[in-house]
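> For reference, the structure I am asking about is given below.
Bear in mind these aren't lab numbers, they're just calculated from the coordinates by the rules spelled out. Since the structure is predicted, the reported quantities are computational estimates derived from the model, not experimental observations. Note that we place each Cβ from the backbone using ideal geometry, even for glycine, and neighbour counts take in every protein chain shown.
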Amino acid sequence: MVTDLQPPEVEVRLAILRQKAKLVEMELPEEIMSFLANRIRSNIRRLEGALTRVTSYAALTSTKLSLGLVGEFAARYSAGGRSPLDQH
């Protein structure tokens, strides 16, 4: 038997991000969750990893998490060849 596994829809990815943010007691703006859910489509592991990297970066640099920061973070690392917020 062959089963075709498709990446989860954006609504499912958003629900996963909401749950993950709740588990780690992180206040995450809806626009950031939407950005991540729409940008990372490949698998849940990459989605959760991107959330962890973005929130860790904000905490370590004492920077308030914003859509601009997430976009800047994505651009900075994609310029280096491998983006932590990729669409693979």
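> Write out the GluC sites (Glu not before Pro) in segment 1-51 meeting two conditions: DSSP loop, and at most 11 other Cβ atoms within 10 Å of their Cβ.
Counting only loop positions with at most 11 other Cβ atoms within 10 Å, the GluC sites (Glu not before Pro) in segment 1-51 are GLU9, GLU25, GLU27.
> Give me the one-decimal nm value for the distance between modelled label points at THR63 and GLU31, 7 Å along each residue's Cα-to-Cβ direction.
Between THR63 and GLU31, the simple spin-label model gives 1.6 nm.
> With 10 angstrom as the radius, rank LYS64, LYS20 by how many other C-beta atoms surround their C-beta, starting from the fewest.
Listing LYS64, LYS20 from fewest to most nearby Cβ atoms yields LYS64, LYS20.
> Would you mind ranking ILE16, ILE32, ILE40 so that the residue whose beta carbon has the fewest other beta carbons within 10 Å leads the list?
Fewest-to-most Cβ neighbours within 10 Å comes out as ILE16, ILE32, ILE40.
> Can you work out the FRET efficiency for the pair GLU72 and THR3, with r the C-beta to C-beta distance and R0 = 35 Å, to the nearest 0.05?
The pair GLU72/THR3 has a calculated efficiency of 0.35.
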